[in-house]
Each structure stands twice: as structure tokens, then as C-alpha cells.
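**Q** Structure incoming, see below.
The values are calculated or read from the model by the stated rules, or taken from the named source; none is laboratory data. Quick caveat: nothing in here was measured; it's all calculated off a predicted structure. Virtual Cβ from ideal backbone geometry, glycine too; neighbours counted across all protein chains shown. Ligands, DNA and RNA are stripped out before the accessible areas are found, and what is left, the full protein with its side chains, is counted by its heavy atoms. Shrake-Rupley method; radii C 1.70, N 1.55, O 1.52, S 1.80 Å.
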Amino acid sequence: MTIKTMYLDIESLKEKQTVTVEGWVISNRGNDKIRFITVNDGSSIANLQLVIKGELNAKFAADAISMGASIKAEGELHLTPEAKQPFELIVNNLVLINNVAEDFPIQKKETTLDFLREIPHLRHRTNLFRAVMLIRNSLMFEIHKYFQTHDFINIAAPIITSNDGEGAGETLLVDDESKDYFFKQKAFLGVTGQLHAESYAAGFKKVYTFAPTFRAENSHTSRHLAEFWMVEPEVAFYELKDIITLADDLLKKVISNTIKNYPAEMEYLNSLQDGQLIPTLEKFLSKGLTVMDYRQVVEELKPHADKFEEKDIHFGMDLASEHEKYLSDKIVNGPVAVINYPKDIKAFYMYQNDDDQTVAAFDLLVPGIGELIGGSQRESRYEKLVKRMTELNISQEPLQWYLDLRRFGYAPSSGFGIGFERLVMYVTGVSNIRDVIPFPRVAGQVKM
Ligand code: 4AD
Ligand code: MG
């Protein structure tokens, strides 16, 4: 039995029931007669209070057990429904597994996020990171569950690839230290699993990848990592509007189940955002998704041009994060799907609209973060795709297999990519992407 299940299934707990707990000490206070040690077992941010009475204190040398130590305790449960913690454990056996050395860097006093970023291997032993990582895990589980119960199959797109799937020139090279290429050609860490997913959508219909992706982006921002996880569904026979509906439904199910299953963590994170986090998420859950054409977005932003660093608001511009945030924070006041972007600021594989200027793409923008999802209907017409690649100087030969999909029983498909860490930011309210992944990798830094 974990502490999480004890809290979730509180009605089934019985007075004097024997409980064993293994975990890490959060606090230790008291005297020789009575001592209270709170312990966390990693299942929840909620702790269990151990009560050590009388001579057992001397027997177990309980006063010497420091915060952070690993212990094992056994005792009888005492239900205290009227108290702040609804149950505690009256200890009859206590084993100190390993105390902490004096230089254990996590201390009771407040530490800064900057300091904790220097110790990614230990920072999960704070309330904040414990909560964030539990929510991250829930979101990951819920995403797999959603797809697995909606007829999708998971496919493993390769991590090592021979092409730049986005054509954006942000690839990281893979090689050993020998002079010749290990693979006898250039190989890269994949920037996306999309092209491989498209090949499997043509046959399995509904597929998804959920894997690390890599980008050599030199942007030192609070929303970019060099290694991040992406969720990429791809569905044959779907058009743009279908894939937007899928994105909206997926997000809503995943977020609402997480709020339901992790009440202690969500309440805690909510308290760090002055009580604004859960109401904001619930507002999104209860409303239909706003969809706005890129042209309309430009018109909506124009009157606010003076508020931006980039003030030249015009058709053809790429929306910077300041514009994206203003649109979702201030104008829409919630998530918004922007559709039909100019083709010149989007990837080569997107379906070209009849106006010859825009593509059937969408970005889902959310308050506080900006772009959470990027997706599109794919260009299904072989000749149009070749022409676009030529215009963009993308060589055809390495992507001939991808072009060929259009000749072998192709069914037009659509898909999108969720930046998983950005989703974790959105749901936890954490404002720096480095704090929602266990071991962040950014330009100039690979710690551990
Ligand atoms: O918009 P992007 O570049 O789209 C694709 O890669 C498509 N192939 C997806 C598809 O249609 N299957 O990236 C998708 C999402 C972005 O919206 C963003 O949330 C996230 O991935 N992302 C990053 N997250 C963290 N660090 C980075 N450097 C990121 N780059 C993109
Ligand atoms: Mg994008």
C-alpha cells in the first residue's frame, strides 16, 4: 500500500491496521517522550506522519534521523479524521536505512529554482519537483491510454535518421570518433517522427509516436530544449478540421483525468499560482476550442502593435512568442487554434490551399506559453510536393521514399505534434521548461 492509495481510498483504512512504509524523511521533530517524523514514499506529495512514543525513541535513536534519510517503519494506523492529517502511524519498528551526509544540498529552507537546476539528480526530493514529475507521469500515461483506447497503434519512429524531417536545418549530427561516418553517411538525431509516422498511417490508419526529439536550436528561452519529448499522432483519411478536433479532445481528456487522479499535487501547484491554475484549466475543459484564421489573427493583433517588440504586423509574418501569448492570454483568453498560415513560414510537407499562399496548418496556442501544438493536413499531391521541395532547396533523393508514399495506395493524412514538456508546463503552471523534465538539455549544457 502506498501513501497515495491510502489517501485515495481513505474509507477502507481501519483503526490499528498494520502498515509498513518505506521512504524518505521530510521532517523530524519532538523530544525523548514523543517524536513525529513525516515520511514520503514517492507515490504522492502527501506524507505519512510517524509517531514514536516513549522508550522506542532511544531504542531507534530517532532524534538522529535527518531530513532526507531513507527509512523503513512499521506500526499501527491511528485514524484522526478531525485532524489536519486524517491518519498517522504509531510506530513499533523503525529502521534507518541510510542517513544523509551533512552536505546534502536540499535543506528545509527555501531554495531557488536556479540552484536546483544545478542538482537535477536530487531536486525531485522537493515538493515542487515531486509534484511536477508525478503530473508529468500522469500526462504521459493518460496520453498513451487515450490513444490505446481510440484505435491508435504506437509506432517507434527511429531516433537516428538520415533526413531533416522539418527541413529547418536544426539537426544534431550523430557520429563516433572515427574519420569515416559510422553509418557511411551523415546521420542525425530525429527532429520529428512525423515522416515515419506518415508511412505507417498508410496501412494502420491511426498511429502515434511518443518519443524524444532533438533540435539544435540556439534559442535560450524558457520554452526550448535541445532534447524534448513529442507526441505525434498521424491519421489517414483525416483532414485539418478532424485533426484539430482530435487535439482538443485528447487534451481535455488527458488534463481532466490528471486533475482527478492527482488531487494533492494539483492543489499544491494551484496554491503556488494563487489559486489560478485549476480554474484556468477547468475553463478550458468546459469550453469549445476557439479556431481563428491566421488572416484574422493579423487583423486582431494590428491595433495592439505598439505593445510588441516586433511591431510590424502583416500577412506573411511569423508570429513570435509575444504575439502568440498576447493572442491567447489577452484576446482569446484561453487556448486558440490558428489555421491557414502563410506557406512561406511553414514546413514543406503541408497541404497547399487553393489561394496558393497559405497551407492547411494549425498551431494551438495556450496562455502563458504560446505554441503547444503544431500540425497540418499533409500535401497529398506528388507534383505539388516535389515543386515545393524544389522551391525550398530540399533535395529530393533522401526523401524519395516519403514522396513514393503518395504513389502506393496513399490516403491523405493529417497529424500534429504536442511538445510534451510544454504540456507539462501548461498543466503545472511551471514557467521554465527546464523544470518540467528530469534532466534538461539545452545549448551549451549537458549536465549528467
Ligand atoms: O511545430 P513543430 O516543429 O512540428 C513538428 O515537428 C511536426 N512534425 C509535428 C507533426 O505535425 N507531427 O513541433 C511540434 C511541437 C511544438 O508545437 C512545440 O510545442 C514543441 O513541439 N517543440 C519544442 N518543445 C521544446 N523544445 C523545443 N526546442 C521545441 N521545438 C518544438
Ligand atoms: Mg511549430
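**Q** List pairs: first residue in region 379-404 and over 13 Å from GLY167 (Cα atoms), second residue open to solvent by 30 Å² or more (accessible area, probe 1.4 Å) and outside any helix (DSSP H, G or I) anywhere in the structure, Cβ distance under 8 angstrom, at least six positions apart or on different chains.
**A** From residues that are over 13 Å from GLY167 (Cα atoms), the pairs are GLU379/TYR351; SER380/TYR351; SER380/TYR410; SER380/PRO412; VAL386/GLN396; LEU403/GLN396.
**Q** Identify all residues within region 347-356 that are more than 9 Å from ligand 1 (Cβ to nearest atom) and either of a type outside the set (A, V, I, L, M, F, W, C) or outside the structural domain of ILE418 (by TED's automatic domain parsing) (or both); write none if there are none.
**A** TYR351, GLN352, ASN353, ASP354, ASP355, ASP356
**Q** Can you tell me which residue is farthest from MET350 (Cα to Cα) among those in region 414-431 that are more than 10 Å from ligand 1 (Cβ to nearest atom) and open to solvent by less than 10 Å² (accessible area, probe 1.4 Å)?
**A** For region 414-431, the residue satisfying everything is THR428.
**Q** Just give me the residues in region 217-260 being surrounded by fewer than 21 Cβ atoms within 10 Å (Cβ to Cβ), charged (D, E, K, R) and within 15 Å of ligand 2 (Cβ to nearest atom), in sequence order.
**A** GLU217, ARG223 - these are the residues of region 217-260 that are surrounded by fewer than 21 Cβ atoms within 10 Å (Cβ to Cβ), charged (D, E, K, R) and within 15 Å of ligand 2 (Cβ to nearest atom).
**Q** Would you be able to say whether some residue in region 357-368 is within 16 Å of ligand 1 (Cβ to nearest atom) and modelled with pLDDT under 95? Walk me through how you get there before you give the answer.
**A** Within region 357-368, the subset within 16 Å of ligand 1 (Cβ to nearest atom) is 359-368.
If we keep only those that are modelled with pLDDT under 95 too, we end up with 367-368.
Checking region 357-368: at least one residue is within 16 Å of ligand 1 (Cβ to nearest atom) and modelled with pLDDT under 95.
Condition check ((1) under 16 Å from ARG125 (Cα atoms); (2) small (Gly, Ala, Ser)) across all residues:
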residue	(1), (2)
VAL19	no, no
VAL25	yes, no
GLY30	no, yes
THR38	yes, no
GLY42	yes, yes
VAL51	no, no
LYS59	no, no
GLY68	yes, yes
ILE71	yes, no
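**Q** Okay, moving on. Tell me which residues, restricted to region 370-385, are among the aliphatic types (A, V, I, L, M) and within 10 Å of ligand 1 (Cβ to nearest atom).
**A** Passing the criteria: LEU372, ILE373.
**Q** Given (1) part of a strand (DSSP E or B); (2) away from ligand 2 (no atom under 16 Å from the Cβ), where does ALA411 come up short, assuming only one miss?
**A** (1)
**Q** Just to check your reading of the model, which residue among GLY334, GLY368 is closer than 22 Å to SER219 by Cα, surrounded by fewer than 20 Cβ atoms within 10 Å (Cβ to Cβ) and away from ligand 2 (no atom under 16 Å from the Cβ)? Give the steps one after another, and end with the answer.
**A** Details: GLY334 fails: closer than 22 Å to SER219 by Cα.
When all the criteria are applied, what remains is GLY368.
**Q** Here is a follow-up. Tell me yes or no: at least one residue of region 51-74 is touching a residue at least 60 places away in the same chain (Cβ under 8 Å) and out of contact with any Asp or Glu (no Cβ under 6 Å at 6 or more places or on another chain).
**A** no
**Q** Consider GLN357 against the criteria (1) closer than 22 Å to ARG295 by Cα; (2) under 29 Å from the mean Cα position of the chain (by Cα): it satisfies all of them except one. Which criterion is unmet?
**A** Among (1) closer than 22 Å to ARG295 by Cα; (2) under 29 Å from the mean Cα position of the chain (by Cα), the lone unmet condition for GLN357 is (2).
**Q** Turning to a different aspect of this structure: Any idea which of ILE394, ILE437 is at pLDDT below 95 and of a type in the set (Val, Ile, Thr)?
**A** Only one candidate passes the filter, namely ILE394.
Condition check ((1) more than 22 Å from ARG422 (Cα to Cα); (2) of a type in the set (Phe, Trp, Tyr); (3) in contact with a strand residue (DSSP E or B) (Cβ under 9 Å, 6 or more places away or on another chain)) across all residues:
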site	(1), (2), (3)
SER162	yes, no, yes
GLU166	no, no, no
SER178	yes, no, no
VAL207	no, no, yes
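**Q** Which residue, of ILE143, ILE135, is crowded, with 19+ Cβ neighbours inside 10 Å, more than 30 Å from TYR410 (Cα to Cα) and β-branched (Val, Ile, Thr)?
**A** Only one candidate passes the filter, namely ILE135.
**Q** If I go through region 371-391 residue by residue, how many of them are of a type in the set (A, V, I, L, M, F, W, C) and within 16 Å of ligand 2 (Cβ to nearest atom)?
**A** So the count comes out to 2.
**Q** In a loop (DSSP other than H, G, I, E, B) and not β-branched (Val, Ile, Thr): is that true of GLU82 in this structure?
**A** Working: in a loop (DSSP other than H, G, I, E, B): yes; not β-branched (Val, Ile, Thr): yes.
So GLU82 passes the test.
Condition check ((1) in a helix (DSSP H, G or I); (2) closer than 25 Å to GLY23 by Cβ; (3) under 20 Å from the mean Cα position of the chain (by Cα)) across all residues:
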| site | (1), (2), (3) |
| --- | --- |
| PHE129 | yes, yes, yes |
| MET133 | yes, yes, yes |
| SER138 | yes, yes, yes |
| LYS145 | yes, no, yes |
| ALA156 | no, no, yes |
| ASN163 | no, no, no |
